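Heads up, the thing below is written out as structure tokens.
The values are calculated or read from the model by the stated rules, or taken from the named source; none is laboratory data. Owing to the predicted nature of the structure, the values given are computational and were not obtained by experimental measurement. Glycine gets a Cβ as well: all are built from the backbone with ideal geometry, and neighbour counts include every protein chain shown. Just so you know, the surface numbers come from the protein's heavy atoms only, side chains and all, with ligands and any DNA or RNA stripped out. Shrake-Rupley method; radii C 1.70, N 1.55, O 1.52, S 1.80 Å.
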Amino acid sequence: MAAKSPTRSSTGFTVTTMSSSPVRCARALRRISAKAKEASATIPIGRAGTADEVGEAIVWLLSDAASYVSGAILDISGAR
């Protein structure tokens, strides 16, 4: 039986957040500079993330699969 996420903790709050590194998107690619490309080289995976990659992590965080996750920062950063 799957556990359901509580809407609130006993204190009334359940807080979890995410933090991401630079994300590639069409709008950003139109304005990308050489300096931004160099910054991507500082990410251990070697590239900026995609909106889909960040979105999938957020969807998981909001799902029942993450029902016991609380008070955490989900770091979506390419190991940065």
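Checked against the criterion of being small (Gly, Ala, Ser), assigned to a helix (DSSP H, G or I) and free of Cβ contacts under 8 Å to residues at least 24 places away in the same chain, the candidates Ala39, Ala57 yield just one match: Ala39. Just one of the listed residues (Ala51, Ala28, Ala65) is open to solvent by less than 70 Å² (accessible area, probe 1.4 Å) and modelled with pLDDT of 80 or more, namely Ala51.
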